[in-house]
Amino acid sequence: MGVTLKEVAERAGVSRSAVSRTFTDGASVSAKTRAKVEKAASELGYAPNALASSLTTGRTKLIGLIANNFHNPLILEVFDLFTRGLQDRGLRPLLVNLSDATDPAASVRMLRQYSVDGVIVASSTLPPSFAEAFKAAGLPVVHAFGRYSTAPDVHVVGIDNVACGRMAAKTLVDRGYRQVAFLGGPRTATSTQDRMAGFVAELAAHPQVSASTSFATEYTFDAGRAEMQRLLQHTPAEAYFCGDDLLAVGALSALQEAGLSVPGDVGLIGLNDMEMARWQMIGLTTIRQPVAQIIDAAIELVVEASETPDRRPETRLFPCHVVERQTLRALP
């Protein structure tokens, strides 16, 4: 049996309520009493019961963490940063897998049953309606990697995907490519739509450059490879902006299998700067998304939203930049 609060009170010579207040954030307790209780707790090896504490405070310190693309290795980095960031703040993540989900209702019911203090939706492919469903249920919510809006319905933290599309197009134009293409993720993903929109808009200012668009079924290696294999049934473009690093690595595999060199025959630029993009045998030129900053801001916002539920939703965007490696021809 574990050490009880009663035993700590007896060892410290104080009341059980004094022990309880000592281990309750924000509760009033004198410095002398706190010292006695902490000394007794240390001697007995006592640790407060988090679940019991939540009954007293009305706060579970649970944050629902929702994602939907577990085939993309970037999600491992996201989970690592999210869980460590939450734990460093004394919070606990409750993971929800929304792969193949089309309706948030079941997740809303589950998170309400666990009385989470807030929800972070970590996805660039789920529509805004998913995060809005949690808000409608009375749960403080932040959409990390969500769609930029000047008047968001929920807190959004991420990047300007339209600006990233423009950045990719300009990068290809500056290197002298005249036949370029966008190879995006799922058509329905807002990140795909926005990255393509920026790409096409930038190229409209360069009439000497022709452009085409195509889409993979998922943000995965296999989907990127399959789409490039399909494109190679005809003459490929000189360079592709792949809307995700994993798509770009899949495209690279298909190009190499077809006997084409990168960047000699075809150039590639991705987006994210995930770990494998830096591997020497890949060396992908890509647009870096500052994942750690986005996650830290999402955690900060969900904590603030849980403490101030009527706070007006805001959007926090972080700048991206091109990371030069070896899959595009050099600048002239």
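Readers should treat all values here as calculations from the given coordinates under stated rules, not as data from a laboratory. What you see is a predicted model, and the numbers here were worked out from it, not measured in a lab. Note that we place each Cβ from the backbone using ideal geometry, even for glycine, and neighbour counts take in every protein chain shown.
From the list (1) 22.1; (2) 21.3; (3) 19.8, can you say which value of Kirkwood radius over Cα pairs in Å was derived from the structure given?
The calculated read-out lines up with (1).
So for each of 320-330, 117-127 I average, over its residues, the number of other beta carbons within 10 Å; can you give me the resulting order with the highest mean first?
Result, highest mean first: 117-127, 320-330.
Taking H placed 1.01 Å from N in the peptide plane, check which residues at least 5 places from residue 160 or on another chain put their amide H under 5 Å from its amide H.
For residue 160, the qualifying residues are 318.
Looking at the chain, what % of its DSSP beta bridges pair antiparallel, to the nearest 5?
Roughly 10 percent of the DSSP beta bridges within the chain come out antiparallel.
Assigning unit charges at the beta carbon (Lys, Arg +1; Asp, Glu -1) and nothing else, what dipole magnitude in debye, to the nearest 20, does the chain show about its Cα centre? Write down the numbers at each step before the final one.
On the way: 32 positive and 34 negative charges, 197 e Å.
For this selection, approximately 940 debye.
Among 177, 216, 206, which residue has its Cα furthest toward the positive end of the charge dipole of region 161-289, with +1 on Lys/Arg Cβ and -1 on Asp/Glu Cβ?
Toward the positive end, the furthest listed residue is 206.
Please sort by residue number the chymotrypsin sites (Phe, Trp or Tyr not before Pro) in region 237-332 whose DSSP state is loop and whose Cβ has at most 16 other Cβ atoms within 10 Å. Please report the intermediate quantities before stating the final value.
On the way: sites: 240, 241, 279; in loops: 279.
Within region 237-332, the qualifying chymotrypsin sites (Phe, Trp or Tyr not before Pro) (loop, at most 16 other Cβ atoms within 10 Å) are 279.
Kindly state, to the nearest 0.05, the FRET efficiency for residue 257 paired with residue 208, given R0 = 41 Å and r defined as their beta-carbon distance.
So, using R0 = 41 Å, E works out to roughly 0.85.
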